[in-house]
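So the structure is just underneath, and the comments pick up after that.
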Amino acid sequence: MPPSIALRMNHALPGEHRDRLLRVGREVRFPQGARLFDEGGTADRFWIVRDGTLALDLHVPGRRAPVVETLGVGDLVGWSWLYEPYVWQFGAETVTPLSAYEFDAVAVRLMCLNDAEFGRTVEHWVGRVLSHRLRAARTRLLDLYGPSGTGGAP
């Protein structure tokens with residue numbers, strides 16, 4: 001289940017809010033194979049992909065972590081930064097070299113608290129992304145481990 005174009009920042013946020021968010025981001029680059037975060041780690045930042053791809057994975061005891069979704073240009077990487085206890089629910093690794101805008105989670109949460117309209121818009125966007133990611137993870141896990149799945153060798 002590829003991410004919907006409607007979930008990408010350029011489509012999901014009005015121009016004024018998008019510009020405001022981008023003003024607090026910084027450009028970063030990661031080589032192929034870099035781990036951005038691991039499931040269970042502290043979610044203190046998030047990214048918007050500018051170029052490249054990365055894979056979201058999920059820890060499955062006794063098995064290799066399956067990729068549950070691949071993200072690319074314009075996609076939000078990370079939603080755990082917005083919801084307590086601010087702990088990553090997935091892991092992420094670059095599939096290709098990646099450039100992105102990186103955002104400090106505390107700074108953006110404060111922006112959301114200080115401007116109710118901005119906060120509602122960002123929270124609605126991230127909530128829609130969260131819903132999509134959970135559906136994608138469920139579908140992928142059923143494909144791998146459900147009654148008719150392949151079982152995904154460890």
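Scanning the stretch 66-83 for residues that are assigned to a helix (DSSP H, G or I) and aromatic (F, W, Y) gives a single hit, W81.
Of E39, E69, E27, E84, all but one fail to be touching a Ser or Thr at 6+ places or on another chain (Cβ under 8 Å) and acidic (D, E); the exception is E27.
Scanning the stretch 84-104 for residues that are in contact (Cβ under 8 Å) with a residue 40 or more places away in the chain and outside any strand (DSSP E or B) yields Y86, W88, Q89, F90, V95, T96, P97. Among the candidates R29, R63, R20, the residue that is farther than 19 Å from V126 by Cα, open to solvent by 50 Å² or more (accessible area, probe 1.4 Å), outside any strand (DSSP E or B) and not polar (S, T, N, Q) is uniquely R63. Considering the stretch 89-110, and only residues there that are among the hydrophobic types (A, V, I, L, M, F, W, C) and open to solvent by less than 10 Å² (accessible area, probe 1.4 Å), the residue that is farthest from G127 (Cα to Cα) turns out to be L98.
Here is a check on your reading of the model: is L36 in contact (Cβ under 8 Å) with a residue 24 or more places away in the chain, touching a helix residue (DSSP H, G or I) at 6+ places or on another chain (Cβ under 7 Å) and not charged (D, E, K, R)? Against the criterion (in contact (Cβ under 8 Å) with a residue 24 or more places away in the chain, touching a helix residue (DSSP H, G or I) at 6+ places or on another chain (Cβ under 7 Å) and not charged (D, E, K, R)), L36 does not qualify. When V77 is tested against (1) under 13 Å from the mean Cα position of the chain (by Cα); (2) surrounded by fewer than 14 Cβ atoms within 10 Å (Cβ to Cβ), only condition (2) is not met. Restricting attention to the stretch 32-59, the residues that are open to solvent by 60 Å² or more (accessible area, probe 1.4 Å), part of a strand (DSSP E or B) and either among the charged types (D, E, K, R) or at pLDDT below 95 (or both) total 4. Across the stretch 7-17, the number of residues qualifying as open to solvent by less than 80 Å² (accessible area, probe 1.4 Å) and in contact (Cβ under 8 Å) with a residue 24 or more places away in the chain comes to 7.
Residues that are touching a Lys or Arg at 6+ places or on another chain (Cβ under 9 Å) and among the β-branched types (V, I, T) within the stretch 70-105 comprise V73, T94, listed in sequence order.
The values are calculated or read from the model by the stated rules, or taken from the named source; none is laboratory data. If you're wondering where the values come from, they're calculated on a predicted model, not measured in any experiment. In this analysis, Cβ positions are derived from the backbone assuming ideal geometry, glycine residues included, and neighbour counts consider all displayed protein chains. We work out accessible area using only protein heavy atoms, side chains counted, and drop any ligands, DNA or RNA first. Shrake-Rupley method; radii C 1.70, N 1.55, O 1.52, S 1.80 Å.
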